Amino acid sequence: MVEDKRLHKIPDEPVEYPDKHSNDFRGEVKEWGFHFCGYDWDPAEEQFKIYLHYDQLYYWKLAEISKMARGFLDGELWGTQCPKCGDKFFPPRVNCWNLDCELEKTEWVRLKPEGHVHTFTIAGWSGKSSLKRLPFVLAYVVIDGCKTAVANELRGLDPWDAEFGMPVKVVWAPKEQRRGAITDFWFEPADGWKPSPMTPEKERIKELCQPVYEWVKTLK
Amino acid sequence: MSRRVCIAGGATTPFGYPMHITPEAMIANCVVETQHDIPDFHLRDIQFMVYSHFSVHFGKQLCPEWIVHDHLGLVGVPHFRVENGGNTGGSALYAAFLAVKSGMFDVVGVAGWETMDNVTQSQGSEFIALASDTRYEALAGGIYPIYYAAMAYKFMKEHDLREEDFALAAIKNRNYAVDNPKSQWYRGEYRKYKRDLTVEDVMKSRLISYPLKRYDCCLMSRGGAFALVTTEEWAKKHSDGKYVVIDGAGLSSCTIRAGDRLAFPGWTERYGEGYPDMTEFAACRSSGEMAYKMAGIDFKRAYKEIDVAEIHDAFSSSEVQIYKALYWCDKENIKEFLRERRTFMEGDLPVNPGGGLMGFGHPVGATGIMSAIEAYYQLTDQIPKKHFSSKTYVRDAQTALVNSHAGTGTSISNFILRRP
Ligand SMILES: [Zn+2]
């Protein structure tokens, strides 16, 4: 094996994971694999349609970014920093992005749970699993002087009150609900922040949000 | 590098959601239509096939190109599939270009499709979001329109634009699609309107993610497309008068997460601090520069030299952002550029007369090829035959630009096509 401090260590098998929570949030989800649910037939056009359901459990091994996920459970935000150039990252990069740093291995650094909104949007539509929480603000936030912005939900305000550059803090989900994922936290306005008065643009956004609120109420 | 590479023919299927035709039948139909245009073309001419297909999730079928390939009877002919997000079509075309340019092959087929109507729209959005970094953005509830909206909103603020400025691209492309019998807009929702869409219609459509409304967004589609990429010698012999030369080809890349491009060293060293931020598509600028250089076009004069363009209008806002990334306008004149409708048919650089992704549709693996074929039809004067009328025909166009775009601007290709 080549010796180089930039190489990431691969644990010797097996990794035992003695602290098991594999079904804590499983709910009613089952693995079906291929499951043919039914079919339709159109005799006039001679068209046949099959209803196929396919579902599978994945095992995402976070490996060298595991520290980030552990931090989420513990309510700590961990990013990485390049010891050569000083660039700091969240989401963490495990090697520096600077070509002159030659894949320097980054170091873990605890981040202050605060930042500012770089840009944002008010979502009125989303993926299947996020429809019920519409409308929501998705903000790209620069946390604690990082060179990157991370996308996450901005809560604790009316969607039309969000602002470019506004200061925000990291807020953690209740401990028992955390699962080591980015959704273990969200952003809220920093303490002391007050929304600015209504403007025609904010009125416009508010008006666009109203039918979304109504529509979400109709979802089962 | 003296060998000239040409598009000698090609075709698209109609696009729709839902639409009832298998991938292999879509490509077979495209080959048949190509043979009507260039009767000399035989499947035996094909020396290499490049397949263009984005997401195996839609079909629940890995390597679906294997089904298409043997269906066409092409066993023994080398093949592979290119997958590069929304730029899959452009990237497949790029691969075919390299294959002919290198001297390895004289005749290469490029065939692409997507079957997004196999799932609901919201499930489809979530599948596509799997091409964002699923550990972060997709989990946070983001889907592509949301990422694009966050980029568009900042762009809108920094350029003092209004929602109505973006809406112009949305109505332009849909209204041009009405002249295109294969377009999804014409075949679908237009039947409800039976009239041109207005800026007001866009403003009233439902919120997708501010500042984007439903009509600012492209369509999810089933559809296929095929292009024949050949040497000039082959094209002249078998498709005389019906071929174009690929004079420039560029492909570039950017970060997967849009939030990672505020200060990326690779961009800072090329374009200076703070570029592209989350407002511009650096991979579009850099691949555009590559294509312009190869075609001998001065960046600053690109707008004057290009006569027609088919670009990746996944969103009305991204069409506008692409104008700027390709040097057609700058921060100072972008507002006038948009409001003077310079990219409409009556303007000096008509964009997306084929309907674009918002009007024609966006079956991902077919999209970039569709754009190339529409541009090819323009430069070979086949539009009056392929569209309903000459309303969307750019007469005497000599030079066309084709743009294909992936991720949040993560991979982008640009091509310059010219009459021989
Ligand atoms: Zn570094």
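The values are calculated or read from the model by the stated rules, or taken from the named source; none is laboratory data. Only a predicted model underlies this, so the values are computations on that prediction, with no experimental measurement involved. Heads up, the Cβs are rebuilt from the backbone with ideal geometry, glycines too, and the neighbour counts pull from every protein chain shown. We work out accessible area using only protein heavy atoms, side chains counted, and drop any ligands, DNA or RNA first. Shrake-Rupley method; radii C 1.70, N 1.55, O 1.52, S 1.80 Å.
Annotations
- Chains B and A, summed buried accessible surface - 1.4 Å probe, Å², nearest 100: 4100
- Relative contact order (%) - criterion: Cα under 8 Å, at least six apart; region: chain B: 27
- Dipole-positive endmost among B:V308, B:Q61, A:G180 within the protein assembly as shown (Cβ charges, Cα centre): B:V308
- Size-normalised alpha-carbon gyration radius of the stretch B:313-407, reference 2.2 N^0.38 Å: 1.08
- Square roots of 5 times each gyration tensor eigenvalue, C-alpha, the protein assembly as shown, largest first, Å: 40, 28, 27
- Inter-label distance for B:D330 and A:K128, nm, one decimal - labels placed 7 Å from Cα along Cα-to-Cβ: 4.9
- The Rg/Rh ratio for the stretch A:63-217 is 1.03, where Rg is the radius of gyration of the alpha carbons and Rh is the Kirkwood radius.
- Cα-based shape type of chain B, given that a ≥ b ≥ c are square roots of the gyration tensor eigenvalues and the cut on a/c is 1.5: rounded
- When both the stretch B:373-420 and the stretch A:3-72 are represented by their alpha-carbon centers, they are found 42 Å apart.
- Solvent accessible area, Å² - B:H36, 1.4 Å probe, full protein context: 140
- Residues listed by number, the stretch A:131-158, amide nitrogen under 20 Å from A:D74 label point at 7 Å toward C-beta: A:144
- Each semi-axis of the equivalent ellipsoid for the stretch A:59-125 is √(5λ) with λ an eigenvalue of the Cα gyration tensor; in descending order they amount to 23, 17, 13 Å.
- Charge tally for B:T12 (other residues, Cβ to Cβ under 13 Å; Lys, Arg +1; Asp, Glu -1): -1.
- Farthest positive-ward along the stretch B:111-207 dipole, Cα basis, beta-carbon charges - from B:S205, B:F166, B:A129: B:S205
- R0 of 25 Å, Cβ-Cβ distance A:V94-A:F25: FRET efficiency to nearest 0.05: 0.40
- Across the options B:G354, B:G266, B:Y94, the greatest Cα extent toward the positive end of the charge dipole of chain B (unit charges at beta carbon of Lys, Arg, Asp, Glu) belongs to B:G354.
- Separation of alpha-carbon centers, the stretch B:177-222 and the stretch A:79-106, rounded to whole Å: 44
- Working from Cα pairs under 8 Å separated by at least six residues, relative contact order for chain A is 15 percent.
- Dipole magnitude of the protein assembly as shown about its Cα centre (Cβ charges: Lys, Arg +1; Asp, Glu -1), debye to nearest 20: 580
- Lys, Arg +1 and Asp, Glu -1 on Cβ, resulting dipole of chain B about Cα centre, debye, nearest 20: 480
- Distance from the stretch B:99-162 to the stretch B:1-41 (C-alpha centre basis), Å: 23
- Average accessible surface for the stretch A:72-220: 45 Å² per residue, computed with a 1.4 Å probe over protein heavy atoms with every protein chain in place.
- Estimated FRET transfer efficiency when R0 is 30 angstrom, pair B:H71-B:F388 (beta carbons, to 0.05): 0.45
- Taking a Cβ cut-off of under 13 Å around A:G127, the surrounding Lys, Arg, Asp and Glu residues balance to a net charge of +1, with basic ones at +1 and acidic ones at -1.
- In terms of accessible area, using a 1.4 Å probe and ignoring ligands and nucleic acids, A:M198, B:M278, B:M345 rank largest first as A:M198, B:M345, B:M278.
- Summed residue charge, Cβ within 15 Å of A:Y39's Cβ, Lys/Arg positive, Asp/Glu negative: -3
- Estimated dipole of the stretch A:63-217 in Debye, rounded to 20 [Cβ of Lys and Arg +1, of Asp and Glu -1, Cα centre]: 400
- Number of partner chain Cβ atoms within 10 Å, mean per residue of B:328-338: 0
- If you plug the beta carbon distance of A:K61 and B:R162 into 1/(1 + (r/R0)^6) with R0 = 35 Å, you get a FRET efficiency near 0.15.
- For chain B, built as a Gaussian network whose Cα springs stay under 10 Å, the top-fluctuating residue of B:A291, B:A225, B:A366: B:A291
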